[in-house]
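A short write-up of the structure that comes next.
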Amino acid sequence: GRIYEAVRDSTSLQELYENAKNNYSEALTLYDRHMKQYRGSLEIDGSSETALTVRNVTYEIIESQVSSSIPHPKVDAACYSEKSNRNAQSVERLLASIRDKLPYEEMNDIDERYTYIFGGSVWYVEWDNTLKLGREVGNVKLYCLSPTGFIPQPGISSVEDIILYTIVVVMAPKKAVAKYGIPNFSKGNPRFHISLENKLMEYEIILEQKNK
């Protein structure tokens, strides 16, 4: 896709983004409450007083439901023949190899908790040209994101109807320049967007602050 600097964003894109962010503020407040409850907040609903001690039942229930089981890829030939069966087995081995290379165990654990805490999670796949293996340049990178890092387009429930969605990521400025090829990336220009088949995926980059 083509990459644009935030300073060149159209007015309509800016309006779409601001509208989505404003509409999402209520959901973010709810997510924050859910996370505090999972972590064992001392707040008491309907009271200005705080609890002195807490037994975090929410945490106990969620952790008891978390499963570290990851299904093994299984591929069967639709119409059996020796050739199609060999091909199916080759695809199955390839999928198993890819699964072993990616941090699925870690992401599965994150996904299990996000699903119970927030009601769901966001799986995001991208091609990263900064990854290198031998002579190969670029590879697939997979992320499991919290819903707090994904701003959807309000009023849209179907992926096909989405015009704009926003991914919120935290990274160092130099990494953002190397990864996305954005010129003049600075603290004053923390946003850009990528067009993908008439859809817009916007990144809101939160720059990492170095400890002094």
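Laid out as a table, the results:
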read-out	value
Estimated distance in nm for a label pair at residue 69 and residue 84, the labels positioned 7 Å out from Cα along Cα-to-Cβ	3.0
Amide H within-cut-off set for residue 168, under 5 Å, with H built and near neighbours excluded	150, 151, 204
Surface share of carbon and sulfur [accessible, 1.4 angstrom probe, percent] for segment 44-131	53
Cα gyration tensor category, rounded, prolate or oblate, for segment 70-166 with a/c compared to 1.5	prolate
Gain upon complete extension [residue 34, residue 161; 0.36 nm per residue less C-alpha separation]	42.8 nm
Violating pairs (Cα-Cα greater than 23 angstrom) within the set 74/132; 101/174; 74/179; 36/174; 132/174; 101/179	74/132; 101/174; 74/179; 36/174
In nm, spacing of pseudo-spin labels at residue 179 and residue 44 (7 Å Cα→C-beta vector)	4.4
Label point at residue 94 placed 7 Å out along Cα→Cβ; residues across segment 141-157 whose backbone nitrogen lies under 19 Å	141-142
Centre separation in Å (Cα based) which lies between segment 52-127 and segment 137-156	17
Sorted peptide list for 110-120, 79-89, 18-28, criterion being average Cβ within 10 angstrom, highest first	110-120, 18-28, 79-89
Pair residue 136, residue 77: separation of 7 Å Cα→Cβ label points (nm)	2.7
FRET efficiency estimate (nearest 0.05) - Cβ-Cβ, residue 143 to residue 51, R0 41 angstrom	0.70
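The values are calculated or read from the model by the stated rules, or taken from the named source; none is laboratory data. Fair warning: this is a prediction, and the values are worked out from it, not measured in the lab. Heads up, the Cβs are rebuilt from the backbone with ideal geometry, glycines too, and the neighbour counts pull from every protein chain shown. SASA here: full protein model, heavy atoms, side chains in, ligands and nucleic acids out. Shrake-Rupley method; radii C 1.70, N 1.55, O 1.52, S 1.80 Å.
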